[in-house]
Amino acid sequence: MSDASPVDQPTSPFAYTPYRLYWFARICAILALQMQIVATGWRVYDVSGSAMALGFIGLAEFLPSILLVLVTGHVADRFDRRRVINVCQGLEIVAMLVLWLALWDDNTKALWPAFLSVTILGTARAFEMPAAASLVPNLIPPAIFPRAVALNSSAWQGASIVGPALGGLLYGFIGHWVFALCALLFMVAFILVRFIKLPPKSTPAAVKKVSLETLFAGFRFIWSKPIVLGAISLDLFAVLLGGATALLPVLAKDQFDAGPVMAGILRAAPSVGALVTGLILAFWPVRRRVGRVLFVCVAAFGVGTIIFGSTTSAVVAGIALIVMGAVDMVSVFIRQSLVQLETPDDMRGRVSAVSSLFIGASNQLGEFESGLTAHWWGAGPAVIVGGVGTLVIVALWCVLFPALRKVDRFPGALDKG
């Protein structure tokens, strides 16, 4: 980003105005997203009384990222990423206003506004995520990019803790007006992104004419880079096998002999561990032996999963979940830093879209896998098997991806600061 030598550059991402604007915009957008998830889910279940309807709401929000994966990354690489984000935020504002106006009558039983709004929101998010992820390296020097990853992840975790609670509280007091507040938060994010200024050379260069070759370029790039492929696939399988939190209601009631309050506390435990760790990484990031640290953290996640599935103590389970959240944050920090810094700028959108799809799909499939295996063997054994499977994946990936295991430093990172 800058021609100054790494020694002369500030070591905090917040020293750069474009990044500050991006970070606060991210906070506003995530808060709005998390608030609407809770409010929409409550509204749909309140009207329909159907758990299936809630499932379709989740599907409507996630499905666009699958169907549009070849297009979303290409758009992020072909057009100004700030403008792509702004257009998506505009659609998010429209989605919230549709809900606000359609649910003006609290007695209405219509569900179509919720499904329409969530579909619009899911489509906007499908385009926004790769554009936002690939914009960050344009805002700061590569040397401090890992710190920005930690701050971004901390913003996500903090807003993910506050947002759902705030959304539920506000929906209980002001009903459908919570969607107007979400629209306002998206508007603030829109304005902040609008003010981001980039040096001319940070604007994505012209790309090739649209073709099947350019659309599939993200998949080909990931496949050709063992470090990138190894980092994404390791996280994918760890999440797929370690989806223990999906079984929290069952474990809390049947294994920990706890009620819904304790279940809620346990649900928040990984986010607390991740938030604290993210803030620590923002000031003291991992700088050496990053490949080994990645494998150790994923293995620790597997061990924590085994402990969580085998204990009968809610306290021990809570500690295990906090540790799992902490080591997961370190692995996400390393994966995102490696993927972005190993990828050329004109490919970052497509690679980010593929990576987001894989990780998002593994989260969804991980919850399904946990539910299926719990049906077969019981919740505790299912979680334990998932933890053991994670350890097996770590051992296999150490052999299959030696280049990832041997990575010492992030590309272009500072030794000090």
*Criterion (in contact (Cβ under 8 Å) with a residue 24 or more places away in the chain and buried (at least 21 other Cβ atoms within 10 Å of the Cβ)) met by exactly one of PHE115, PHE79, PHE145*: PHE145
*over 27 Å from THR123 (Cα atoms) and free of Cβ contacts under 8 Å to residues at least 40 places away in the same chain, is that true of VAL296?*
yes
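Residues to consider are ALA317, ALA300; find the one that is surrounded by fewer than 24 Cβ atoms within 10 Å (Cβ to Cβ) and small (Gly, Ala, Ser).
Of the residues listed, the single one that is surrounded by fewer than 24 Cβ atoms within 10 Å (Cβ to Cβ) and small (Gly, Ala, Ser) is ALA300.
Table: residues versus (1) of a type outside the set (Gly, Ala, Ser); (2) at pLDDT 85 or above.
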residue	(1), (2)
GLU367	yes, no
ALA374	no, no
GLY387	no, yes
VAL399	yes, yes
ALA403	no, yes
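Here is a check on your reading of the model: is ALA317 part of a helix (DSSP H, G or I), among the small types (Gly, Ala, Ser), modelled with pLDDT of 90 or more and closer than 23 Å to ALA379 by Cα?
Against the criterion (part of a helix (DSSP H, G or I), among the small types (Gly, Ala, Ser), modelled with pLDDT of 90 or more and closer than 23 Å to ALA379 by Cα), ALA317 does not qualify.
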_Name the residue that is modelled with the highest pLDDT, counting only residues in segment 16-71 that are among the small types (Gly, Ala, Ser), over 30 Å from LYS197 (Cβ atoms) and part of a helix (DSSP H, G or I)._
ALA39
*Starting from segment 167-195, keep only residues that are among the hydrophobic types (A, V, I, L, M, F, W, C), then list their pairs with residues that are buried (at least 20 other Cβ atoms within 10 Å of the Cβ) and not in a helix (DSSP H, G or I) whose Cβ atoms are within a distance under 8 Å, requiring at least 6 positions of separation or different chains.*
PHE179/LEU103
*Inside segment 267-291, can you point out the residues that are assigned to a helix (DSSP H, G or I) and hydrophobic (A, V, I, L, M, F, W, C)?*
ALA268, ALA269, VAL272, ALA274, LEU275, VAL276, LEU279, ILE280, LEU281, ALA282, PHE283, VAL290
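For the structure I just gave you, tell me whether ALA263 is surrounded by fewer than 21 Cβ atoms within 10 Å (Cβ to Cβ), at pLDDT below 80 and under 25 Å from ALA150 (Cβ atoms). Explain how you work it out, then say what you get.
Values: surrounded by fewer than 21 Cβ atoms within 10 Å (Cβ to Cβ): yes; at pLDDT below 80: yes; under 25 Å from ALA150 (Cβ atoms): no.
Judged against the criteria, ALA263 is not a match.
The values are calculated or read from the model by the stated rules, or taken from the named source; none is laboratory data. Bear in mind that the values here come from a model prediction, so they are computed numbers and not experimental data. Counting neighbours? That spans all protein chains shown, and the Cβs are built from the backbone with ideal geometry, glycine included.
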